[in-house]
1. In the stretch 11-23, what residues are open to solvent by less than 20 Å² (accessible area, probe 1.4 Å) and either under 11 Å from the mean Cα position of the chain (by Cα) or modelled with pLDDT under 95 (or both)?
2. Can you tell me which residues in the stretch 24-45 are assigned to a strand (DSSP E or B) and either open to solvent by less than 50 Å² (accessible area, probe 1.4 Å) or over 17 Å from L65 (Cα atoms) (or both)?
3. If a residue must be closer than 15 Å to G11 by Cα and at pLDDT 90 or above, how many such residues does the stretch 74-88 contain?
4. Taking P48 and the conditions (1) exposed (fewer than 14 other Cβ atoms within 10 Å of the Cβ); (2) touching a residue at least 24 places away in the same chain (Cβ under 8 Å), which numbered condition does it fall short on, given that it satisfies the others?
5. Within the stretch 67-117, which residues are over 19 Å from S28 (Cβ atoms), part of a helix (DSSP H, G or I) and open to solvent by 30 Å² or more (accessible area, probe 1.4 Å)?
Amino acid sequence: ADKAGWLSKCGEGVVPTWHRLWFVLADSCLYYFGGPAETDGAPRCLIPLEDLRIGRGSNRRDILLQPITGGVMNSSKFRGDRTYKGHHKQFQLRAPSEAEREEWVSKLQAQNRVSPGNRNPNLSSGGGGGGGGGGG
């Protein structure tokens with residue numbers, strides 16, 4: 001795995017509730033589990049890192065994942081032996097600290113792939129604050 005750790009995920013109900021989950025970033029996918037002991041089994045959810053806008057939320061610890069095309073994110077939930085298509089318009093995650101958020105955002109952005117049909121220069125500009133310099 002490229003990164004693993006605790007993040008809180010905001011539920012999409014009428015009253016937002018936060019759930020502390022164990023996230024694992026590997027092979028251009030973000031997975032989450034109930035805790036590190038569950039990682040030997042199936043994840044609770046799988047989020048392919050493709051065609052996403054990965055940025056920072058209004059809280060200094062928040063991470064936002066949104067589809068660059070609008071609409072619903074491509075994600076799969078697993079319950080027992082059943083698989084369900086996710087219905088999220090975004091995933092709002094919260095890291096334990098601002099430094100931890102920056103590490104997650106950097107790693108997520110590095111694994112995010114944009115498919116050829118969605119390579120629009122207007123979509124990649126202006127996202128998120130912070131003077132990120134590249135490196136080489």
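The values are calculated or read from the model by the stated rules, or taken from the named source; none is laboratory data. Small disclaimer: the values here were computed from a predicted structure and weren't measured. Reconstructed Cβ throughout: ideal geometry from the backbone, glycine too, with neighbour counts over all protein chains shown. Heads up: the accessible areas ignore ligands, DNA and RNA and are worked out on the full protein's heavy atoms, side chains in. Shrake-Rupley method; radii C 1.70, N 1.55, O 1.52, S 1.80 Å.
1. G11, F23
2. Correct list: V24, L25, A26, C29, L30, Y32, F33, C45.
3. 2
4. P48 satisfies all of (1) exposed (fewer than 14 other Cβ atoms within 10 Å of the Cβ); (2) touching a residue at least 24 places away in the same chain (Cβ under 8 Å) except (1).
5. Those that are over 19 Å from S28 (Cβ atoms), part of a helix (DSSP H, G or I) and open to solvent by 30 Å² or more (accessible area, probe 1.4 Å): E98, A99, E100, E102.
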